[in-house]
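Computed from the coordinates by the stated procedures, all read-outs in this text should not be read as laboratory data. Here the structure is a predicted model, which is why all the values come from computation and not from measurement. Using ideal geometry, Cβ is built from the backbone for each residue, glycine included, and neighbour counts are taken over all protein chains shown.
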Amino acid sequence: MNTLAKILALVLVICVKLATPLYFHIGETERKCFIEEIPDETQVIGNYKVQLYDPRTGGFMPSSPGIGMHVEVKDPEDKTILSRVYSSEGRFTFTSHTPGEHVICLYSNSTKWFSGTQLRVHLDIQVGEHAIDYANIAQKEKLSELQLRVRQLLDQVEQITKEQNYQRYREERFRQTSESTNQRVLWWSLSQTCVLLAMGAWQMKHLKSFFEAKKLV
Amino acid sequence: MRWSARVSGAAFGAALLLGLLAALTEAVELTFELPDNAKECFFQEITKNTTSTLEFQVVTGGHYDVDVILEAPNKEVLYRKVKTQFDSHTFTATMDGVYSACFSNEFSTFSHKLVYMDFSVGDEPALPGIGEHTTVITQMESSAQEIHKSLNSVADYQTHHRLREAQGRKRAEDLNSRVLTWSICETVAVVICAIGQVLVLRNFFTERRPFTQFN
């Protein structure tokens with residue numbers, strides 16, 4: 001049993017190194033933003049890892065502890081709710097207090113003015129019930145499998161309810177925007193007609209008095 | 001003592017195995033902005049025989065279209081779409097390696113797009129503890145699993161609905177601000193034209209050479 005555990009541990013270590021989440025490349029001075037449209041009181045967890053390009057090998061260094069990553073999160077009202085510099089590998093988490101579009105921006109804390117080397121950023125963003133760690137909950141609250149499954153279902157349903165509520169709020173905003181457009185078009189057409197008539201009348205009056213002064217009429 | 005060591009060893013092994021399984025399944029959904037004339041690529045390492053799905057939808061921008069290319073590690077094109085608004089593609093990896101999904105907005109000169117992307121690899125990781133008793137699943141547990149799958153699809157439908165609604169709402173907000181800008185500009189243009197006409201006409205009649213006939 002012990003040798004099996006050791007083999008499994010070895011395989012796990014290898015696989016953790018191989019199984020990397022989604023990654024993309026950015027320049028050292030570049031800023032990359034992602035938008036998350038979420039209801040309120042929703043937790044968002046982001047895991048990331050940054051690797052620096054190694055010109056000697058032509059690949060990316062397995063770990064680059066020197067780089068820091070600046071993570072900035074803005075809420076729908078453009079207020080910054082999280083702005084911190086993390087190390088080259090880590091996780092950031094925040095909970096939304098207003099429903100809407102939250103913007104998560106990542107950029108390295110490089111002080112270069114021009115774009116330096118390329119950075120490889122591994123990123124994984126989990127929202128709502130995907131952000132909950134069930135292994136931890138099962139251990140802490142000593143839940144059986146079925147209880148854990150029911151807990152998962154409850155969390156899912158809660159998230160769906162929040163999303164539905166948010167949907168109602170968005171539909172209200174959409175309706176308000178459409179009604180405002182309707183009002184604006186109505187007012188614009190009326191005022192445009194008035195402005196045209198007024199301009200026409202002013203032109204006639206002005207020219208009449210002008211020609212009378214010039215003794216041409 | 002020996003028995004407890006065995007049990008803890010087994011538990012450790014089982015936990016590692018589950019951790020291993022968890023490490024092999026990923027699902028990331030991102031909404032990002034694609035500037036005009038830009039190309040964004042996302043890479044994912046996939047093992048052989050894993051079923052993966054790439055799903056995308058253009059939320060705002062221009063004609064709501066984007067070019068998509070999905071490439072295997074040997075640069076073979078697995079999936080290509082030109083100027084598509086939304087689609088979902090499921091494929092099974094035929095080799096180990098890094099697969100890339102690229103979104104291109106190079107055909108557009110001034111409209112930047114907002115694109116939603118979902119690249120999920122493998123199946124959803126099982127709940128901890130469920131994997132240990134794979135021999136007998138009670139009816140309760142299987143019903144719970146069914147409910148879980150249905151709720152997953154409900155959440156999926158909600159995401160799609162949210163994206164469509166966001167598309168409509170942004171268009172409406174755009175229209176609203178455009179109507180305001182346009183009406184102000186037009187009023188200003190009408191006023192300038194009217195005053196300009198009068199000034200030009202006055203100019204005709206104040207020159208030294210008198211016109212013999214009216215225009």
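Quick notes
- Applying the criteria of a DSSP loop state and at most 13 other Cβ atoms within 10 Å to the trypsin sites (Lys or Arg not before Pro) of the stretch B:49-94 yields B:75.
- Computed P(r) (all Cα pairs; chain A; 10 Å bins; percent): 7, 19, 21, 18, 12, 7, 6, 5, 3, 1, 0, 0
- Selected from A:152, A:203, A:43 as most flexible by GNM, with chain A as the system and alpha-carbon contacts under 10 Å: A:203
- Taking the centroid of alpha carbons for each part, the stretch B:52-97 and the stretch A:172-187 are 37 Å apart.
- Here the residues A:191, B:52, ranked from fewest to most Cβ neighbours within 10 Å of their Cβ, fall in the order A:191, B:52.
- For peptide B:142-148, the mean count of partner chain Cβ atoms within 10 Å of a residue's Cβ comes to 3.
- Total formal charge among the other residues, if their Cβ is under 13 angstrom from that of residue B:97, Lys/Arg +1 and Asp/Glu -1: -2
- Sum of side-chain charges, residue A:84 neighbourhood, beta-carbon under 15 Å (Lys, Arg +1; Asp, Glu -1): 0
- Charge sum, other residues only, whose C-beta stays under 15 Å from residue B:175's C-beta, Lys/Arg counted +1 and Asp/Glu -1: +4
- Ranked by how many other Cβ atoms sit within 10 Å of their own Cβ, fewest first, the residues B:39, A:205 fall in the order A:205, B:39.
- Remark: B:76, B:40, A:30 ranked as B:76, A:30, B:40, counting other beta-carbon atoms within 10 Å and listing the fewest first.
- Listed pairs A:32/B:81; A:32/A:162; A:49/B:170; A:74/A:140; A:140/B:48; A:32/B:83 exceeding 30 Å between Cα atoms: A:49/B:170; A:74/A:140; A:140/B:48
- Taking 22 Å as the straight-line reach from the Cα of residue A:214, the lysines in range (excluding those fewer than 8 positions away in the same chain) are A:205.
- Karplus 3J(HN,Hα) series, Hz, for the stretch A:59-75 with 6.51 cos²θ - 1.76 cosθ + 1.60 (x for Gly, Pro): x, 10, 5, x, 8, 10, x, x, 7, x, 10, 8, 10, 10, 10, 10, 8
- The stretch B:26-123: mean projected area of Cα convex hull, nm²: 5.4
- For a straight C-alpha distance cut-off of 19 angstrom, the aspartates and glutamates reachable from residue A:112 (same-chain residues fewer than eight places away being disregarded) are A:28, A:30, A:54.
- Square roots of five times the Cα gyration tensor eigenvalues for the stretch B:129-203, Å: 68, 8, 5
- Between residue B:85 and residue B:107, the simple label model (points 7 Å from Cα in the Cβ direction) yields a spacing of 1.5 nm.
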